[in-house]
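Take a look at the structure below.
The values are calculated or read from the model by the stated rules, or taken from the named source; none is laboratory data. Quick caveat, the model's predicted, so the values are computed rather than measured. Neighbour counts are summed over all protein chains in view; Cβ atoms, including those assigned to glycine, are modelled from backbone coordinates with ideal geometry. Note: areas computed on protein heavy atoms with side chains; ligands, DNA, RNA excluded. Shrake-Rupley method; radii C 1.70, N 1.55, O 1.52, S 1.80 Å.
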Amino acid sequence: MISVASCYLALLLSSAAFAAPVADLFDAAASSSATAATGLAPSSTSSAASSTATVPYISLNPNFPMWGPNDPTTPEAERGTLGASVIGPTDTDTVLQNPDLLAPPTTDAGSVPNAKWPYSLSSNRLQTGGWARQQNVNVMPFAQNLAGVNMRLEAGAIRELHWHKTAEWAYILQGTTQVTSVNADGQNYVANVGAGDLWYFPPGVPHSLQATNDDPAGTEFLLVFPTGDFNEDDTFLLTDWMAHVPAEVLAKNFQTDISTFAQVPAKELYIFPSNSPAPPSDAPISPNGVVPQPFTFNFSSVAPISVPGGTYKIVDSTTFNISTQVAAAEITLEPGAMRELHWHPTQDEWGFFLEGTARVTIFASSGNARTFDYQAGDISYVPATYGHYVENTSNSTLKFLEIFNTDKFADIGLSNASSYSFSSWLALIPPALVQAHLGFNETTINNLPKTKRVLTAPYNVTSST
């Protein structure tokens, strides 16, 4: 027989249990979770409960690409137990190059717009002496603030005298290009630039481009414009303007006989063949002198900085003074290496892949993330503040450009300081805060680099319980 005293005691004990503060229960759970996850009891440096105590932990299962571009197996829309085989028509070549679209990693979620455009999909404008193809918001709506043109000139061919509403930045892919220009003060400039070198013309500055015969094939280069809606067909061309001015007005303007203009083209030339140009030393001497800031920069002669995992070098207005609207980095990654997790605070990143293959996951906040695969000739685009990395997925060196609409290059790395100018983040905040967020143990936190690390060396990823 149960006594009244026993019932009363049980009631008191249960009331005390239910009256325990909820926060105390969560603190206890957090302490238990942190100990289990890190192997360490919370120390005096960890005064905050782990924020992950109330949500599941991430999966440590690998999320490697399901196949490579030369994989002999048939690609399927399957990853582990997820998905199903493809039983309808499919473009196998495209699927082989984009494994993370058909079978994305399980970490992808939500919606991120397309951030890849291959120049091979751009309509090409063929001319006698060369060609040009472009990328802008019409084909890649995500790329709101930068656009590109890929242009080829045979030896001697000329991209006619012209100017743009926007600045023009260029990276030479092969051959030698002679550029000419005159600024608003009547100062002129003529120079030859080779593979890996740059030129930059501010908005409205007239210029021409011509392939020399240093390379029998001529030249090919990449043009970048700091606006997403740039259209190469909207360029201001010398012959186009002349063809739309009455001949008597031309004669009056140049103070010469009207017959002088008998051979002015009736429509634009754009790209046309010619003989190889004379050396820059033969250029006319202007009574006003030469431009005070060169329009070209010998980027190929800049020694790259070697770090574990690859190399990098930077160019912006601090070194190429005239380039006030475009900054860039040229990066190489060894097989298995990566450009560390980072983001750019204020500027979108327009990327171009020169060699190798790459994998990039873009984090757009609020649970939105998407992974893309890139090959040589592809354009990537990452808006400002979006977290991302670049991983070399090939067995050879990956080489690519990061280009920004800004005068100074800057980014913020997750494991490190800004690659070039900002202070570290996780490595330089209180360890307790890092532990509370991520459950890192003291050894991991102590190993976070406090010095600049742009690239991450190859690392054999292993899993432990």
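Key figures
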read-out: Residue satisfying condition, being assigned to a loop (DSSP other than H, G, I, E, B), of a type outside the set (D, E) and under 22 Å from K399 (Cα atoms), within set F230, F320; value: F320
read-out: Leading residue by the ranking (nearest to E154 (Cα to Cα)) among those in the range 191-221 that are among the acidic types (D, E) and under 28 Å from the mean Cα position of the chain (by Cα); value: E220
read-out: Those strands (runs of 3 or more DSSP E) lying entirely in the range 119-169 with at least 2 residues open to solvent by 10 Å² or more (accessible area, probe 1.4 Å); value: 124-127, 130-135, 158-163
read-out: Whichever residue in the range 173-190 is touching a Ser or Thr at 6+ places or on another chain (Cβ under 7 Å) and of a type in the set (S, T, Y) and, among such residues, is farthest from A155 (Cα to Cα); value: Y189
read-out: Total residues in the range 255-269, condition surrounded by 13 or more Cβ atoms within 10 Å (Cβ to Cβ) and either at pLDDT below 95 or not β-branched (V, I, T) (or both); value: 4
read-out: Residue match in the range 312-320 (condition: open to solvent by 10 Å² or more (accessible area, probe 1.4 Å) and closer than 27 Å to V139 by Cα); value: no
read-out: Residue identified as open to solvent by 80 Å² or more (accessible area, probe 1.4 Å), at pLDDT 90 or above and β-branched (V, I, T) among T406, T465, T443, T397; value: T443
read-out: Residues that are touching a residue at least 40 places away in the same chain (Cβ under 8 Å), open to solvent by 60 Å² or more (accessible area, probe 1.4 Å) and not polar (S, T, N, Q), drawn from the range 270-304; value: P273, P279, P284, P287, V290, P292, P294
read-out: Test: residue in the range 53-66 that is closer than 22 Å to V390 by Cβ, part of a loop (DSSP other than H, G, I, E, B), touching a Pro at 6+ places or on another chain (Cβ under 7 Å) and of a type in the set (F, W, Y); value: no
read-out: Single residue of Q293, Q347 found to be within 23 Å of F372 (Cα to Cα), part of a loop (DSSP other than H, G, I, E, B) and of a type outside the set (A, V, I, L, M, F, W, C); value: Q347
read-out: Top-ranked residue of the range 379-394 - restricted to ones that are aliphatic (A, V, I, L, M) and out of contact with any Leu (no Cβ under 9 Å at 6 or more places or on another chain), ranked as modelled with the lowest pLDDT; value: A384
read-out: Tally of residues being of a type in the set (A, V, I, L, M, F, W, C), touching a strand residue (DSSP E or B) at 6+ places or on another chain (Cβ under 7 Å) and not in a loop (DSSP other than H, G, I, E, B) across the range 86-118; value: 3
read-out: Condition broken by A53, with the remaining ones in (1) of a type in the set (G, A, S); (2) closer than 30 Å to I379 by Cα; (3) at pLDDT below 90 satisfied; value: (2)
read-out: Scan of the range 360-394 for residues that are surrounded by fewer than 20 Cβ atoms within 10 Å (Cβ to Cβ) and touching an Asp or Glu at 6+ places or on another chain (Cβ under 7 Å), ordered by number; value: A376, A384, Y389
read-out: The listed residue being aliphatic (A, V, I, L, M) and farther than 23 Å from G129 by Cα, out of A262, A211; value: A262
read-out: F236 touching a residue at least 12 places away in the same chain (Cβ under 8 Å) and surrounded by fewer than 16 Cβ atoms within 10 Å (Cβ to Cβ); value: yes
